[in-house]
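The values are calculated or read from the model by the stated rules, or taken from the named source; none is laboratory data. These numbers were taken from a predicted model, which means no experiment stands behind them. Neighbour counts run over all protein chains shown; Cβ positions are idealised from the backbone, glycine included.
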Amino acid sequence: MDKQPFDIDDAMRRIRTAVEPWPKAALFQLAEEGYASAFEQLVACIISIRTFDEVTLPVSRKVFERARSPAEMSRLSYEELDRLIGASTFHERKAGQILAIARRLIEEFDGELPCDRDVMLSFAGVGPKCANLVLGIACGAPFISVDVHVHRVTTRWGYIHAATPEKSLPALEAKLPREYWIEINRLLVPFGKHICTGNLPHCSTCPVLSMCQQVGVGRHR
């Protein structure tokens, strides 16, 4: 069957509707709950690394009950913070990274995390995915955060051609309209979890099947 040309505007409209029933991606959900400062979003993003959203959300809420600012966080002991985030993957390393960030923000930035990508990337444990996501959600800055879902879905569509999430970022920056740079992560995380899954994607119920090239898709539902 011949596919329609891929229309990103139409695709985003369709996916917006499709993902409405499902839980939001963790950092977007936390922002809606009021945990929207750059520091809170960065802490939550570190907690989320290699950790399911179903764990990230309650763990982040538990941490923020104790500390929401760099000053409050820096007063926690390593042992207490490690206990608070103990359900997340690599929690021992993350506890040290979060405390180091909080203390450096107090020493160098008057206790506030600036909306500056270079500053965020200078922290141990913070890569482009987290920095861009925080800048987009907390700072409203136009950055694309590429995780496994964004990479998988956009390459399956045939919208971009990239071998890794890292290579997907410049490809999307070159092609994706800027108005979608923040929203694409918010939409494609639930879309990738529930329809365009890693194994046996639900192509029969996909709202963009008519224009998707299904690159690399073998068996599907």
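A few remarks follow.
- Flag for ARG103 being touching a residue at least 60 places away in the same chain (Cβ under 8 Å), in a helix (DSSP H, G or I) and more than 23 Å from THR51 (Cβ to Cβ): no
- Where helices (runs of 4 or more DSSP H) sit wholly within segment 111-221, those with at least 1 residues that are under 19 Å from the mean Cα position of the chain (by Cα), assigned by TED's automatic domain parsing to the domain that holds ALA44 and buried (at least 18 other Cβ atoms within 10 Å of the Cβ) occupy 117-121, 128-139.
- Hits in segment 54-68 (condition: crowded, with 18+ Cβ neighbours inside 10 Å and either closer than 24 Å to VAL189 by Cβ or hydroxyl-bearing (Ser, Thr, Tyr) (or both)): THR56, LEU57, VAL59, SER60, VAL63, PHE64
- Residue match in segment 85-94 (condition: in the same structural domain as VAL134 (by TED's automatic domain parsing), outside any loop (DSSP other than H, G, I, E, B) and surrounded by 17 or more Cβ atoms within 10 Å (Cβ to Cβ)): yes
- Identity of the residue in segment 1-53, small (Gly, Ala, Ser) and part of a loop (DSSP other than H, G, I, E, B), that ends up farthest from ALA102 (Cα to Cα): ALA25
- Taking (1) touching a Lys or Arg at 6+ places or on another chain (Cβ under 7 Å); (2) surrounded by fewer than 22 Cβ atoms within 10 Å (Cβ to Cβ); (3) among the aliphatic types (A, V, I, L, M) in turn, ILE47 satisfies each apart from (2).
- All of (1) touching a residue at least 40 places away in the same chain (Cβ under 8 Å); (2) touching a Lys or Arg at 6+ places or on another chain (Cβ under 9 Å) hold for SER204 with one exception: (1).
- The set of residues in segment 164-212 that are within 23 Å of GLN29 (Cα to Cα) and polar (S, T, N, Q) comprises ASN185, THR197.
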